[in-house]
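First the structure, in the form of structure tokens, and then the observations on it.
The values are calculated or read from the model by the stated rules, or taken from the named source; none is laboratory data. Keep in mind that this is a model prediction, so the values were computed, not measured. Neighbour counts run over all protein chains shown; Cβ positions are idealised from the backbone, glycine included.
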């Protein structure tokens, strides 16, 4: 009996160390851990990537072992499904017993829930590991130009890159303005996902950044009074590019994995992606040849941070906070940065870590299929969330038969 008590105490102590990144746990946080014990946290998350699903499953095993929390991923095809569910819960009067505890959320969906008062918070200042976040990185404090204000906690980063097969092409377009001429020389060898996919609209936003006379306007909400003027250079550019896209720009792959399949099958030579380590992961999985390469446009590309948020009516807020805090732990961030498991830059400020914690990142494997850190430094902030739906609507009106 004494031995069992000692083991239980040791497990609890280990949990405190994991969840506070070896920093002293405050009494309020110990209360959160106690309240979270035994809870089941329903985590609504996009399920379109197997490595991400595996990483979430690993997180579930860690929080189960440390804090007796059961993490259930609710797989989504689109984050808007969870947003719709939260709004439906509010309409049904489910103000304390909602069906979503934690949600992987970004941009327009965060904006929609925040302005309706459907998020719990601010909560991030209650997370011990929030002190480790790189606050100098604007994308950790703003989501598509909307202040986070403590209603979201960051957990991974992404940036627009381009992947090509160097066995087939030697020269690639290094800035947006070069794409039409390149596509004309390589007709049918480039495409991007349909514009309702986040990657498809991100490509249009990237082009708009490079082509509009005043890119700063993209950080503000869309104004109908000047929308036509701001976007006119984009449509002129796209009219030059469209005839030389895959299938003459009349059809588009449904998603990033679908366009990757086109590259694997040799139907295209160049494609955008929103994860700098995607090619490395695909080569490792045997989905792409070792001849593929990844690059970033000369003048930088759009990047963002992925966040988790807690709906206002989550019945398991303590458990959700513990999961969000674990996602910020050096152990979780180092695994997320490892291309064998997920891959991508950390949201932490490594100078805030102990030498032992920093060592986790120094020993991460390198890959010839990942752009250099210097290449990934030039990050453009995501446009205000009002731009994406407006661009999609304008594109459809122009180019949908």
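Going by the conditions given, is residue 285 within 28 Å of residue 368 (Cα to Cα), touching a helix residue (DSSP H, G or I) at 6+ places or on another chain (Cβ under 7 Å) and not assigned by TED's automatic domain parsing to the domain that holds residue 107?
no
So residue 217 ticks every box in (1) over 27 Å from residue 370 (Cβ atoms); (2) touching a residue at least 60 places away in the same chain (Cβ under 8 Å); (3) in contact with a helix residue (DSSP H, G or I) (Cβ under 7 Å, 6 or more places away or on another chain) but one. Which box is left unticked?
Only one criterion in (1) over 27 Å from residue 370 (Cβ atoms); (2) touching a residue at least 60 places away in the same chain (Cβ under 8 Å); (3) in contact with a helix residue (DSSP H, G or I) (Cβ under 7 Å, 6 or more places away or on another chain) is unmet by residue 217, namely (2).
Would you mind stating whether residue 113 is in a strand (DSSP E or B), assigned by TED's automatic domain parsing to the domain that holds residue 39 and touching a strand residue (DSSP E or B) at 6+ places or on another chain (Cβ under 9 Å)?
Considered against the rule, which asks whether it is in a strand (DSSP E or B), assigned by TED's automatic domain parsing to the domain that holds residue 39 and touching a strand residue (DSSP E or B) at 6+ places or on another chain (Cβ under 9 Å), residue 113 comes out as no.
Among the listed residues 330, 315, 311, 345, which satisfies the condition of being closer than 30 Å to residue 219 by Cβ, in the same structural domain as residue 123 (by TED's automatic domain parsing), touching a residue at least 40 places away in the same chain (Cβ under 8 Å) and out of contact with any strand residue (DSSP E or B) (no Cβ under 6 Å at 6 or more places or on another chain)?
Only one candidate qualifies: 311.
With 194, 240 as the choices, which residue is modelled with pLDDT of 95 or more, touching a helix residue (DSSP H, G or I) at 6+ places or on another chain (Cβ under 8 Å), assigned to a loop (DSSP other than H, G, I, E, B) and within 30 Å of residue 266 (Cβ to Cβ)?
Checking each option against the conditions leaves just 194.
Can you pull out the residues in the stretch 288-303 that are part of a loop (DSSP other than H, G, I, E, B) and either outside the structural domain of residue 185 (by TED's automatic domain parsing) or touching a strand residue (DSSP E or B) at 6+ places or on another chain (Cβ under 7 Å) (or both)?
289, 291, 296, 300, listed by residue number.
Surrounded by 13 or more Cβ atoms within 10 Å (Cβ to Cβ), in contact with a helix residue (DSSP H, G or I) (Cβ under 8 Å, 6 or more places away or on another chain) and over 20 Å from residue 309 (Cβ atoms): which single residue out of 73, 35, 39, 62 fits that description?
It is 62.
If only one of 131, 91 is at pLDDT 95 or above, out of contact with any strand residue (DSSP E or B) (no Cβ under 9 Å at 6 or more places or on another chain) and over 23 Å from residue 51 (Cα atoms), which one is it?
The match here is 131.
Can you tell me which of 91, 82, 65 is over 28 Å from residue 389 (Cα atoms) and assigned by TED's automatic domain parsing to the domain that holds residue 309?
Residue meeting the stated conditions: 65.
Only one residue in 90, 61 is free of Cβ contacts under 8 Å to residues at least 24 places away in the same chain and part of a helix (DSSP H, G or I), so which one is that?
Testing whether each residue is free of Cβ contacts under 8 Å to residues at least 24 places away in the same chain and part of a helix (DSSP H, G or I) leaves just 61.
Can you tell which of 195, 133 is within 23 Å of the chain's Cα centre (by Cα), closer than 27 Å to residue 313 by Cβ and either crowded, with 21+ Cβ neighbours inside 10 Å or not assigned by TED's automatic domain parsing to the domain that holds residue 80 (or both)?
The match here is 133.
Only one of 234, 245, 211, 218 is surrounded by fewer than 20 Cβ atoms within 10 Å (Cβ to Cβ), assigned by TED's automatic domain parsing to the domain that holds residue 263 and farther than 18 Å from residue 295 by Cα; which?
The unique qualifying residue is 211.
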